[in-house]
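**Q** Can you read through this structure? Questions will come right after.
The values are calculated or read from the model by the stated rules, or taken from the named source; none is laboratory data. Keep in mind that what you see is a predicted model, and the values were worked out from it rather than measured. For neighbour counting, all protein chains shown are included, and Cβ atoms are generated from backbone atoms with ideal geometry for every residue, glycine included.
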Amino acid sequence: MFKTLASPTVLFAALTVAGPLAAALFPSTAYAGGATLVTVGSSDMCDDKGRPCDANFSISAREDDEGLVFGTYIDRFENGEGFVAEVDCVFIDGDDAWISGVILDGTWDGQDKTGETVITRVRDNGAGRGETDQISYSYIGYDLECTDAPNLRLFPVPRGQVRVH
């Protein structure tokens, strides 16, 4: 039940910007003090099979100082399907973050996935360290807890940016 990513649209092209501009675009996720912030903007993940980086993946997720989680997780797949999810969990361990939520609207393989859970893992390899940031597939409908930090396989995002604070 995992997914690859899909074709670009104007909305998702706009969401491929991370960092300070993401905070400006999503004021409810602005980084504050000890809060947790994860932003991802990517044209797509790329795999070792030579799959093109031609879809969209974006996350803007925040956990505030009181433990409240806010955010949006969007994944558009190569086949034109995809989803928009409301983030309900953010877990950070070092440079890795696990983000999960509930799909507000979306399809995969022609099936409505609204109301199902989704989880992903991202890694911030840092600007200037010579390594490409990474993301995993979006796993839909699996009984996986964000806080359990499942070992989801990571793929490079050479045209994207992952920020984990």
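**Q** Could you check how many residues of the range 91-116 are more than 16 Å from residue 139 (Cβ to Cβ), among the aliphatic types (A, V, I, L, M) and either touching a Lys or Arg at 6+ places or on another chain (Cβ under 9 Å) or modelled with pLDDT of 95 or more (or both)?
**A** Adding up the residues that qualify gives 1.
**Q** Can you confirm whether residue 103 is in contact with a helix residue (DSSP H, G or I) (Cβ under 8 Å, 6 or more places away or on another chain) and either in a strand (DSSP E or B) or crowded, with 16+ Cβ neighbours inside 10 Å (or both)?
**A** Answer is no for this residue.
**Q** Then there's this: Looking at (1) charged (D, E, K, R); (2) modelled with pLDDT of 90 or more; (3) closer than 22 Å to residue 78 by Cβ, which is the one condition that is false for residue 143?
**A** So the condition that residue 143 fails would be (3).
**Q** To continue, here is another question. Report every pair of residues separated by at least 6 positions or lying on different chains whose Cβ atoms are under 6 Å apart, first residue within the range 143-155 and closer than 13 Å to residue 92 by Cα, second of a type in the set (D, E, K, R) and loosely packed, with under 15 Cβ neighbours inside 10 Å.
**A** Going by the 6 Å Cβ cut-off, the qualifying pairs are 149/93.
**Q** Return the residue satisfying two criteria in turn: it lies in the range 51-93 and is in a loop (DSSP other than H, G, I, E, B) and touching an Asp or Glu at 6+ places or on another chain (Cβ under 9 Å), and of such residues it is surrounded by the fewest Cβ atoms within 10 Å (Cβ to Cβ).
**A** 52
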